[in-house]
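The structure under discussion appears below in the form of structure tokens.
The values are calculated or read from the model by the stated rules, or taken from the named source; none is laboratory data. Every value quoted in this text rests on a predicted model; they were computed, and no experiment measured them. All Cβ positions, glycine included, derive from the backbone under ideal geometry; neighbour counts span all protein chains shown.
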Amino acid sequence: MKEKVGNKLDIFNIVKERKRNEILECMKRQKKVPLKVKESIEHKIVIEIDDDKSKYYIKQTNLRKEKLKKLRPYLLGFVFLVMAGAIGFLSQQYLEFQYYLSKNEELVTLSKKYLAEQKQKAEELKELQNLTLDNIENLPEERKNLMLNIIPSGNPLLRELEVTSNFGNRTHPISGGVKHHNGVDLRLNTGDDVIAPAMGKVAFAGEKGGYGNTVIIEHAFGFKTLYAHLDRIYVTVGEIVGKGKVIAAGGNSGNSTGPHLHYEVLYDDAQVEPENFINWDKSNFNIVFNNEKNVQWESFLTIMGKNQTK
């Protein structure tokens with residue numbers, strides 16, 4: 001039994017060696033095959049013979065697999081780099097997405113705030129359109145501020161107010177006759193600042209008969225203010241002035257018995273009681289509406305409402 005196995009092994013080795021030599025001899029005759037390739041192939045030959053010795057064949061290992069084994073570390077490195085780049089890209093995209101979400105939340109918050117403000121303004125505009133002398137006190141704070149800035153209000157001097165002669169009939173200090181006093185006289189020292197009580201446009205700046213050096217300012221809705229007996233004038237005709245702007249220095253020019261400011265408020269070119277407007281502020285908001293009946297306040301309130309809806 002052992003001899004038979006030995007014979008088979010001997011036959012196998014003889015045949016394998018013979019075929020190996022035949023293949024090598026054939027390879028040597030192939031002059032076109034480079035030497036390095038021949039040597040490589042020589043070490044890659046495998047001969048298999050079946051048990052009945054009737055068949056045999058040559059099996060050549062796959063050189064490509066060997067090359068792939070050598071390239072495997074490089075391929076793995078390349079794959080790692082690609083994956084790292086993809087992860088980095090996705091991380092950047094994620095951060096950008098998070099930033100977008102934060103900005104989107106901010107925009108949503110701002111939008112809600114804007115809509116709330118618009119709703120509040122719509123309610124205020126509705127109130128403005130329905131303004132009457134009976135509900136004027138309920139006017140929003142900012143609307144009151146607007147009215148106090150475009151219609152004469154407050155003291156035209158930067159010093160404490162002191163009235164020396166009131167509006168209405170009086171005995172004229174120079175002629176001695178009873179005459180209507182078209183404004184009020186306010187005590188001051190020569191050089192004291194005179195300011196505009198509302199924004200407006202300078203309509204006159206110069207000497208005006210017995211008024212001496214005079215400034216006239218046109219305001220909104222047909223109102224005007226006049227300042228007389230000035231020492232110096234700081235504005236020019238056509239100039240736009242804001243509320244509180246210093247327009248002149250008080251003095252004693254024209255027909256005057258001493259330094260003072262003659263101050264008039266006019267509506268539709270007719271004089272009205274200046275003290276109603278001097279005392280007009282947010283805490284005393286109804287005074288001009290209740291006391292100045294000749295002013296067409298209803299039209300004014302209607303215009304205010306329409307202007308705010310534009």
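Of all the listed residues (HIS219, HIS260), the sole one being in contact (Cβ under 8 Å) with a residue 12 or more places away in the chain, touching a helix residue (DSSP H, G or I) at 6+ places or on another chain (Cβ under 7 Å) and surrounded by 18 or more Cβ atoms within 10 Å (Cβ to Cβ) is HIS219. Of the residues making up the stretch 188-203, at least one is among the polar types (S, T, N, Q) and either in a strand (DSSP E or B) or modelled with pLDDT of 95 or more (or both). PHE289 - would you say it is surrounded by fewer than 21 Cβ atoms within 10 Å (Cβ to Cβ) and touching a helix residue (DSSP H, G or I) at 6+ places or on another chain (Cβ under 9 Å)? In short, yes.
Does GLU275 satisfy the criteria of being assigned to a strand (DSSP E or B) and under 44 Å from the mean Cα position of the chain (by Cα)? Answer is no for this residue. Scanning for something under 18 Å from LEU148 (Cα atoms), of a type in the set (D, E, K, R) and touching a helix residue (DSSP H, G or I) at 6+ places or on another chain (Cβ under 7 Å), does the stretch 230-244 turn up at least one residue? Yes: the stretch 230-244 contains one or more residues that are under 18 Å from LEU148 (Cα atoms), of a type in the set (D, E, K, R) and touching a helix residue (DSSP H, G or I) at 6+ places or on another chain (Cβ under 7 Å).
In the set (1) under 45 Å from the mean Cα position of the chain (by Cα); (2) over 19 Å from ASP231 (Cβ atoms); (3) part of a strand (DSSP E or B), the condition left unmet by MET147 is number (3).
Okay, residues lined up against (1) outside the structural domain of ASN279 (by TED's automatic domain parsing); (2) among the charged types (D, E, K, R); (3) closer than 14 Å to GLU264 by Cα:
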| residue | (1), (2), (3) |
| --- | --- |
| GLU162 | no, yes, no |
| SER165 | no, no, yes |
| ASN169 | no, no, no |
| ASP185 | no, yes, yes |
| THR190 | no, no, no |
| ILE195 | no, no, yes |
| ALA198 | no, no, yes |
| VAL202 | no, no, no |
| GLY209 | no, no, no |
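Here the condition is being assigned to a strand (DSSP E or B), under 12 Å from ILE195 (Cα atoms) and in the same structural domain as SER299 (by TED's automatic domain parsing); of VAL215, VAL235, it holds for VAL215 alone. Regarding VAL235, is this residue of a type in the set (Val, Ile, Thr), surrounded by 17 or more Cβ atoms within 10 Å (Cβ to Cβ) and modelled with pLDDT of 95 or more? Against the criterion (of a type in the set (Val, Ile, Thr), surrounded by 17 or more Cβ atoms within 10 Å (Cβ to Cβ) and modelled with pLDDT of 95 or more), VAL235 qualifies. The set of residues in the stretch 135-144 being surrounded by 17 or more Cβ atoms within 10 Å (Cβ to Cβ) and either assigned by TED's automatic domain parsing to the domain that holds ASN284 or under 29 Å from the mean Cα position of the chain (by Cα) (or both) consists of LEU139, ARG143.
So which residues in the stretch 278-292 are under 41 Å from the mean Cα position of the chain (by Cα) and assigned to a loop (DSSP other than H, G, I, E, B)? Passing the criteria: ASN279, TRP280, ASP281, PHE285, ASN286.
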